[in-house]
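Working notes, structure below.
The values are calculated or read from the model by the stated rules, or taken from the named source; none is laboratory data. Quick caveat: nothing in here was measured; it's all calculated off a predicted structure. Note that we place each Cβ from the backbone using ideal geometry, even for glycine, and neighbour counts take in every protein chain shown.
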Number of protein chains: 2
Amino acid sequence: MLLDAFIADKKKLVEQRLKQLASSSSIPETLGKAIMYSIDAGGKRLRPVLLLAVMETFGCKSEKGLDTACAIEALHTYSLIHDDLPSMDNDDYRRGKLTNHKVFGEAFAILAGDALLTMSFSFIMDDSSLTSDEKVKVAALLSKSAGPLGMVAGQAEDMEAEGAELTADQLQSIHEKKTGQLLQCSVLAGGILSGASDQELKHLKAYAHAIGIAFQIKDDILDVTGDEATIGKPVGSDEANNKTTYPKLFGLEGAKKELTRYIGLAKKELSEIGHDTRVLEQLADYIIARNH
Amino acid sequence: MLLDAFIADKKKLVEQRLKQLASSSSIPETLGKAIMYSIDAGGKRLRPVLLLAVMETFGCKSEKGLDTACAIEALHTYSLIHDDLPSMDNDDYRRGKLTNHKVFGEAFAILAGDALLTMSFSFIMDDSSLTSDEKVKVAALLSKSAGPLGMVAGQAEDMEAEGAELTADQLQSIHEKKTGQLLQCSVLAGGILSGASDQELKHLKAYAHAIGIAFQIKDDILDVTGDEATIGKPVGSDEANNKTTYPKLFGLEGAKKELTRYIGLAKKELSEIGHDTRVLEQLADYIIARNH
């Protein structure tokens, strides 16, 4: 399993560097603990792995993209902490561990999130392996993807949609913003830092868009068919929370078909890129195959 | 009153531009309203005014610093929204208006804050009047000043200190981070964008440090002696909340003396800068004279 080794390798690299970047003895004690708690909470590290996979696809060394990958993971981590808050999704567990506010209280969970979001820009600005032009390009992309036209908009639309019956288009619009934007940002940042052409960036963006939707369909399917211990949250929680999901809209078999269709679209985009894109293809397959 | 005209002029400039930068018809409706509510809530706009005052002192046009000034004000606005939340300072009113979460609920207040923080970096990255090097310098400064070694650390220390008796050193450490860092960031960003020398930046930093402390001492004094309608919150709320303040540590007269001493220190630093620093001197005096 070459991909497993690739993921494990990059994951380790990112986790080590992220801890290094985010820790400082000068951070007030409880705040520092709250930040590290969520950084240490694990996860697939899909975003940084995607970024580094794109860089290797374009023949660039991972080292150059490492701090940007950590910035995106830090920003993703902030979004999980804030999304879990009582006034948002009110989740007590994530990946089988207590959520940040259940351990450190709401105030420190909010502050840890604020700190991670703010730090993510420091990671990029302080990265000595990038030129100023590169820093500006990836930070512009990151702030746009994460802001009120991107990820924050997705969370806001999700909150407003609570309890409402959504159409497939509305559901897709929420997911494109809530999870899709940051996935796209990861893939595009990898392309930008590798000096990909505009044409190549266009295909990378379409690839990222397709795997973003596939990722969400798979999440919804796992909520129906997954193993509670493996996915780290109760099975059927979407239905219990009256959430609109792909299986609800298309049926379970229909949702699986949509998943396959989007993975196909993603791979088609890769075929337009004149590099060995096997790692990116395998990452698309991994999104179908994963069990958490 | 030359200074009043200067402040009114810059305030108008910043408020117009900030609204322009922060508004987009594509932002989800409630989120957009929550963002604009706090942007429109007024305030002294001290941080952007300071930045623009430094630029004029160094013979630079305000226009060049305008979007960075708006970025700092947006970031400051986010910090107020999050600080007011029930799990933080639990304030119902700010500047005589209901706080963000009292109008839009906690979830949207958190998201509006997240959006403003994220957008502040977009404002800098998208600013066509700056070089990439300048963008990187000010964004690096902003993220460091606002992060877990700066402003967020100050809020965390303030939360942890709740109800405790603080020494003067501890109180100063909290304020240096909680309000001082972003004031320093404003002054230094003005210096950086004007091409100030390292020596000049050193004096600007010391000036900003002194007015930062003076600003906080004055805040504490106003809480004792101020007019409720003018300061926009109940007089004596610090004492009621059992907060350590400068008047509590030094007595009211002692606090006033400290205030004068810091303003003197600030002006001494200005005298080391080979430019006409009268606007910055007057801004230091304004911090003593203000009644809200």
Of all residues in the stretch A:110-152, count the ones that are part of a helix (DSSP H, G or I), more than 7 Å from chain B (Cβ to nearest Cβ) and more than 16 Å from B:A139 (Cα to Cα). 4
Taking the stretch A:18-33 and the residues there that are more than 20 Å from the chain's Cα centre (by Cα) and part of a helix (DSSP H, G or I), the one that is farthest from B:D158 (Cα to Cα) would be A:Q20
Residue satisfying condition, being polar (S, T, N, Q) and either in contact with a Cys (Cβ under 9 Å, 6 or more places away or on another chain) or farther than 19 Å from A:K178 by Cα (or both), within set A:T245, A:T277: A:T277
On the given criteria, is A:I263 in contact with a His (Cβ under 6 Å, 6 or more places away or on another chain) and either under 25 Å from A:G43 (Cβ atoms) or among the hydrophobic types (A, V, I, L, M, F, W, C) (or both)? no
So, in the stretch B:41-90, exactly how many residues are modelled with pLDDT of 95 or more and charged (D, E, K, R)? 8
Can you pull out the residues in the stretch A:232-266 that are farther than 16 Å from A:D158 by Cβ, in contact (Cβ under 8 Å) with a residue 24 or more places away in the chain and assigned to a helix (DSSP H, G or I)? A:P247, A:F250, A:L252, A:A255, A:K256, A:E258, A:L259, A:T260, A:Y262, A:I263, A:L265, A:A266
What are the residues in the stretch B:234-286 that are closer than 29 Å to B:A8 by Cβ, exposed (fewer than 15 other Cβ atoms within 10 Å of the Cβ) and among the basic types (K, R), if any? B:K268, B:R278
Check whether at least one residue in the stretch B:2-10 is crowded, with 21+ Cβ neighbours inside 10 Å and in contact with a Pro (Cβ under 8 Å, 6 or more places away or on another chain), and report yes or no. yes
Please determine whether any residue of the stretch B:183-191 is in a loop (DSSP other than H, G, I, E, B) and either at the interface with chain A (Cβ under 10 Å from one of its Cβ atoms) or touching a His at 6+ places or on another chain (Cβ under 7 Å) (or both). no
Going through the stretch B:1-28 one residue at a time, which ones are within 14 Å of another protein chain (Cβ to nearest Cβ) and over 20 Å from B:L80 (Cβ atoms)? B:S24, B:S25, B:S26, B:P28
Please specify each residue of the stretch A:153-169 satisfying the condition of being touching a residue at least 40 places away in the same chain (Cβ under 8 Å), surrounded by fewer than 16 Cβ atoms within 10 Å (Cβ to Cβ) and in a helix (DSSP H, G or I). A:A168
What about B:D91, is it at the interface with another protein chain (Cβ under 10 Å from one of its Cβ atoms) and in contact with a helix residue (DSSP H, G or I) (Cβ under 6 Å, 6 or more places away or on another chain)? no
Can you find a residue in the stretch A:155-174 that is under 19 Å from B:Y78 (Cβ atoms) and under 18 Å from the mean Cα position of the chain (by Cα)? yes
I'd like the full set of residues that are of a type in the set (S, T, Y) and buried (at least 24 other Cβ atoms within 10 Å of the Cβ), limited to the stretch A:187-207. A:Y207
Exclusive hit being in contact with a Lys or Arg (Cβ under 9 Å, 6 or more places away or on another chain) and in a helix (DSSP H, G or I), set B:E63, B:E15: B:E15
Count, please, the residues in the stretch A:102-143 that happen to be over 18 Å from A:C60 (Cβ atoms), charged (D, E, K, R) and without any contact (Cβ under 8 Å) to a residue 24 or more places away in the chain. 2
So in the stretch B:29-69, with the set limited to residues that are without any contact (Cβ under 8 Å) to a residue 24 or more places away in the chain and within 14 Å of another protein chain (Cβ to nearest Cβ), which one is surrounded by the most Cβ atoms within 10 Å (Cβ to Cβ)? B:G32
Inspect all residues belonging to the stretch A:94-117 and state whether any of them is modelled with pLDDT under 95 and either crowded, with 24+ Cβ neighbours inside 10 Å or in contact with a helix residue (DSSP H, G or I) (Cβ under 8 Å, 6 or more places away or on another chain) (or both). yes
